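Visitor: Just dropping this structure here.
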There are 2 protein chains.
Amino acid sequence: MFSLVVQVEVQPDRREEFLTGIAANAAASVRDEPGCLRFDVCSVAADPHRFVFYELYTGVEAFAAHKASPHFTQWRRIAERVLVPGSQLNTPGELLCTHTSEESS
Amino acid sequence: MFSLVVQVEVQPDRREEFLTGIAANAAASVRDEPGCLRFDVCSVAADPHRFVFYELYTGVEAFAAHKASPHFTQWRRIAERVLVPGSQLNTPGELLCTHTSEESS
């Protein structure tokens with residue numbers, strides 16, 4: 001399974017616009033893409049303008065489909081306005097093991 | 001919900017010992033701790049000796065209980081042998097939104 005950790009920094013006056021935009025992208029990704037299995041958005045305790053996304057896809061093809069989706073295009077337009085330029089750091093990889101006791105949603 | 005992203009670098013000759021140790025810690029954390037909801041371990045595509053953990057807890061008290069558990073003590077003993085000293089980077093925060101279509105395990 002393809003995993004992606006994304007670290008971003010948001011411009012000080014763009015926090016609300018960022019949160020609305022990434023929430024819409026996360027929801028549409030799992031709802032509309034059969035290959036997007038999970039999309040979490042987390043704050044960072046040390047800095048109210050830093051955030052981390054944790055995304056899981058069935059494979060690299062599913063991640064390519066994600067990047068070709070209309071909601072991703074819309075998110076990138078918002079990202080260009082709200083993120084600190086050059087701040088986004090993507091760490092792709094593979095999910096090696098997972099354990100959960102979460103209720104299914 | 002308390003979230004934690006952990007980035008580590010493993011010594012070149014300690015990869016197998018690391019993988020066995022972190023898999024045991026992840027499994028025991030979700031199995032034995034009511035407050036540990038998820039523990040994922042991911043590889044990093046760019047470097048076979050870097051890894052990312054993604055952990056979710058019901059709150060800071062649950063994370064404190066995690067660090068007081070016997071399996072965490074055992075993991076830290078292994079971590080001291082297998083990780084590159086000073087390489088571990090913890091990013092605690094809060095889960096702001098989550099979407100999943102994963103099968104419950």
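Visitor: Taking just the C-alpha trace of segment A:1-55, give me its Rg and Dmax in Å.
Guide: 11.9, 36
Visitor: Just to verify a number: FRET efficiency for residue B:23 and residue A:13, C-beta to C-beta distance, R0 = 35 Å, to 0.05? Don't jump to the answer; show the numbers that get you there.
Guide: Working: r = 44 Å, r/R0 = 1.25.
Calculated value: 0.20.
Visitor: Summing +1 for each Lys or Arg and -1 for each Asp or Glu, what net charge is found among the other residues whose Cβ lies under 15 Å from the Cβ of residue B:32?
Guide: Numbers: positive: B:31, B:38, B:67; negative: B:33, B:55.
Result for the neighbourhood of residue B:32: +1.
Visitor: Can you work out the FRET efficiency for the pair residue B:81 and residue B:6, with r the C-beta to C-beta distance and R0 = 22 Å, to the nearest 0.05? Mind dumping the intermediate values first?
Guide: Numbers: r = 17 Å, r/R0 = 0.78.
The pair residue B:81/residue B:6 has a calculated efficiency of 0.80.
Visitor: With the calculation restricted to Cα positions, what are the radius of gyration and Dmax of the protein assembly as shown in angstrom?
Guide: Cα radius of gyration and Dmax of the protein assembly as shown are 16.9, 47 Å respectively.
Visitor: I want to verify a result. In a Gaussian network model of chain B, Cα cutoff 10 Å, which of these has the top mean-square fluctuation: B:27, B:45, B:68?
Guide: B:45
Visitor: Extent of chain A along each principal axis, from alpha carbon coordinates, in Å, largest to smallest?
Guide: For chain A, the Cα extents along the three principal axes come out at 36, 30, 25 Å.
Visitor: Can you list residues whose amide H is under 5 Å from residue B:99's amide H, if they're 5+ apart or on another chain and H is modeled 1.01 Å from N?
Guide: Those lying under 5 Å, H to H, from residue B:99 are A:39, A:40.
Visitor: Got the residue B:88 label distances to the other copies yet, label 7 Å along Cα→Cβ, in nm, shortest first?
Guide: Copy-to-copy label distances for residue B:88: 3.1 nm.
Visitor: GluC sites (Glu not before Pro) within segment B:1-81: which are DSSP loop residues with at most 11 other Cβ atoms inside 10 Å?
Guide: Values: sites: B:9, B:16, B:17, B:55, B:61, B:80; in loops: none.
Here no loop site has a sparse enough neighbourhood.
Visitor: What are the ³J(HN,Hα) values, in whole Hz, obtained from phi via the Karplus relation 6.51 cos²θ - 1.76 cosθ + 1.60 with θ = phi - 60°, for each residue of segment A:54-69 in sequence order, with x given for Gly and Pro?
Guide: Result, ordered by residue: 10, 10, 10, 10, 5, x, 5, 5, 5, 5, 4, 5, 4, 6, 8, 7 Hz.
No value in this document is a laboratory result; all are computed from the given coordinates. This structure is a prediction, so every number in the text was calculated from the model and none was measured. Here the Cβ is made from the backbone with ideal geometry for all residues, glycine too, and neighbour counts use every protein chain on show.
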